[in-house]
Amino acid sequence: MKVKRFVADNMQLALKMVSAELGPDAVIVSSRRLDNGMEVVASSEMLGEIDNAKQGELNRQLRLQRELEAAKQAARASAAQRQEYAADTAARYAPQQRDSQQASAQVSRTEADVAAATRLAEQAAEERKKSDETYQTRLQEMQGELRELKDWLVSHQGSAWDTRRPLTWQQSQLWQRCQDIGLEPAWADRVVSMSDQSGDLEQAWKSALGVIQNDLPILPQGVLEKGGTIALVGPTGAGKTTTLGKIAARFVQRHGPDSVAFVTLDNYRMAAHDQLQAFARILGVEMKVVLQNGDLVKTLSTLRKKKLVLIDSAGLASQDPHFSSQLSMLKQTGRDVRKFLVLPLTSQARCLQENYEHFKPAGLDGCIFTKLDECFSLGAGLSVAALTRLPLTLITDGPHIPDDLHYPDASRLVNLAEQMARMARTRWQAAEAMNMATQQQSFQHGV
């Protein structure tokens, strides 16, 4: 809505300027008299019922202002006449007390007229304030309706499973809630189509959350108890080495340091295995380094007596010439080594999916989510696990060793994902309210 301020010598000229600038359908928002003329604020748009209502209020305000102005002028004229009459009477009949009292009464009546005009002005101001409050309330309601309409349009843009027919209102609401959680569209489509929609929206949403929970592939608990040989792969900075330290510390607590050994393939960077060496020294466990073009299978054969062997790898890009050799070493171990993809939940869905495709040739047995404590949405990570059917094995949610290491629980993860979505929505609404308040202040100051 375009709002503009016009200043002219009189109201007639101001209205001509409004018509020339904004057209014959322009809406007069307000007007007031200035020392040098008249000020008129006008708008170029009509907003349906809300603008009609506001226009009626504004016309009523203008009528009250005209009546007030007329009353003030009449009061001033009456006051001047009565004061002049009182002065003449006092001059001619000063000796007569009765005439003097009449003049005083006339002055009192003049003061009463002025007081009445003042009360009328205050009433007009109060009515104008109430009108403004009513308009602001209706404006906020209309903005809320526009936001709902926007959400509805977004949900009807089409999706992978249902582009040939429009969604029902309930389906669109379910699909939008899946998007709020952060689910990938392909999985959101499945969740909506599989949910029970025979009841109301909240019952349907509870059914949808159940579908999400059942869709999550989770490996049975026991990795930390059974032992074996485990290799962690994933991008640089995902938390592979720290996660190995947590797993080792948990196993050492139960079985002692002689039951665990570290093996690292990360010898392509300077000081690449310093952190793992520090863990080995603190925990008192054995550690071996496989050099470039080394024999991982042979190294593992020397550690057969260990209950748990943990293999750390380098987070190499596919373009790195060393990536293929590291991948080859992992493949040679076959099914004797369980390989888990470490995925940081702080990454975007596209990055997580590309990491899966990147390390998939290694023969992945599951995935481990890290940095749960740092993420703002679980949807991307859960989507990768559900769509690739890569079982979720462990979750880390902090830097503490070994406390911040847990087995995944589908129900807890889904509830946490929904809670994060609500928090994000609250932050968005607070920001929207602040922006709205800023815009209203700017409008009130004529910016």
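The values are calculated or read from the model by the stated rules, or taken from the named source; none is laboratory data. On a predicted model such as this, the values are computed, not experimentally measured, just so you know. Positions of Cβ are generated from backbone atoms using ideal geometry, with glycine treated the same way; all protein chains shown enter the neighbour counts.
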Whichever residue in the range 201-223 is touching a residue at least 40 places away in the same chain (Cβ under 8 Å) and over 17 Å from L364 (Cα atoms) and, among such residues, is surrounded by the most Cβ atoms within 10 Å (Cβ to Cβ): I212
Condition met for L341 (touching a residue at least 24 places away in the same chain (Cβ under 8 Å), farther than 30 Å from P217 by Cα and not aromatic (F, W, Y)): no
Helices (runs of 4 or more DSSP H) enclosed by the range 163-279 - at least 2 residues per element that are at pLDDT 90 or above: 169-181, 185-194, 201-215, 240-255
